[in-house]
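Below: the structure, in structure tokens.
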Number of protein chains: 2
Amino acid sequence: MTKVNSITTFEEHLSKQYGEKGTSTRDKFETKAKAFTIGALLKDERLQAKLTQEQLANKIGAKKSYISRVENGKTDIQLSTLYKIFEVGLSKQITISIA
Amino acid sequence: MTKVNSITTFEEHLSKQYGEKGTSTRDKFETKAKAFTIGALLKDERLQAKLTQEQLANKIGAKKSYISRVENGKTDIQLSTLYKIFEVGLSKQITISIA
DNA sequence: ATCAAAGTTATCTAATAATGTAACTGTTTC
DNA sequence: GAAACAGTTACATTATTAGATAACTTTGAT
């Protein structure tokens, strides 16, 4: 058994895998990561509301396949979509704050 | 001088001008209103940072015309654009919260 | 193990955001 | 009021989301 002699920070990991901050590859990854985060948030809220993807989709006039894509961070959604899903679909209030 | 005998609430105003909640005309207006709100927020932050539209644009590899369109709510921006402008362009942290 | 429901993925089309360029309109300064 | 700077708008192109449909995969229940 060997001792771990280095800790790969998340930042290091990102740099190694996706290049320095500001590069296009890295930027693309970070965009995806954020879409993924929103997706996870959505999934969480949807499950709390005890809705299936299809039920949620119906509420906003969309298809279940679309909800799936959003939840899995496969699309860089528009602001209107964000509002539609959370406010219309889940009756939640969205707040965007800048700090 | 006459007494004001009715108050037109914002909700009433919206209904009269744009139809009931959930109609496509009303929805379109609300989408625009929100884009406009984000735009106002951006303008506010940009001015606080004492940047011109062109300086901000340069920071994120965009054109000043694009910043103008966002500030005036003429486009339904994508999440990645939101992050790019505020985080990269203005070094601000964006938080999206659901309540 | 089978069946049904839920979720994921692929493909196509249509709508629209992002981008580039350039002209036009204010606004400020001298 | 001319010049310089800042912001807005118009137009064309490209890239990508939104949306429909259908097939495929995973999961859960019996």
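Taking the label point 7 Å along Cα→Cβ, residue A:23 and its counterparts in the other copies are spaced 5.4 nm apart, in ascending order. Accessible surface computed residue by residue for the range B:14-99, with neighbouring protein chains in place and a 1.4 Å probe, gives 59 Å² per residue.
Sorting B:86, A:36 by accessible area puts them as A:36, B:86; the probe is 1.4 Å, largest comes first, and only protein heavy atoms count. For the range B:16-99, applying the loop criterion from DSSP together with a ceiling of 11 other beta carbons within 10 Å to the GluC sites (Glu not before Pro) yields B:20.
Of all alpha-carbon pairs in the range B:10-89, indicate the percentage at a distance above 18 angstrom. Considering the range B:10-89, 45 percent of its Cα-Cα pairs are separated by more than 18 Å. Could you work out how far the C-alpha centroid of the range A:39-96 sits from that of the range B:53-84, in angstrom? Cα centroid to Cα centroid, the span is 25 Å. Other residues with beta-carbon under 11 Å from the beta-carbon of residue A:89 carry, at +1 per Lys or Arg and -1 per Asp or Glu, a net charge of +2. When the listed pairs A:59/B:32; A:59/B:74; B:50/B:84; A:63/B:63 are checked against a 30 Å cut-off, the alpha-carbon distance exceeds it for A:63/B:63. Label points for residue A:44 are taken 7 Å from Cα along Cα→Cβ. From this copy to the others they lie 2.6 nm apart, shortest first.
Sorted from closest to farthest, the other copies place their residue B:75 label points 1.9 nm away, with each point set 7 Å from Cα along Cα→Cβ.
The values are calculated or read from the model by the stated rules, or taken from the named source; none is laboratory data. Values in this document were obtained by computation on a predicted structure and should not be read as measured data. Virtual Cβ from ideal backbone geometry, glycine too; neighbours counted across all protein chains shown. The protein model used for the area step is the full one, side chains on, heavy atoms only, and it has no ligands, DNA or RNA in it. Shrake-Rupley method; radii C 1.70, N 1.55, O 1.52, S 1.80 Å.
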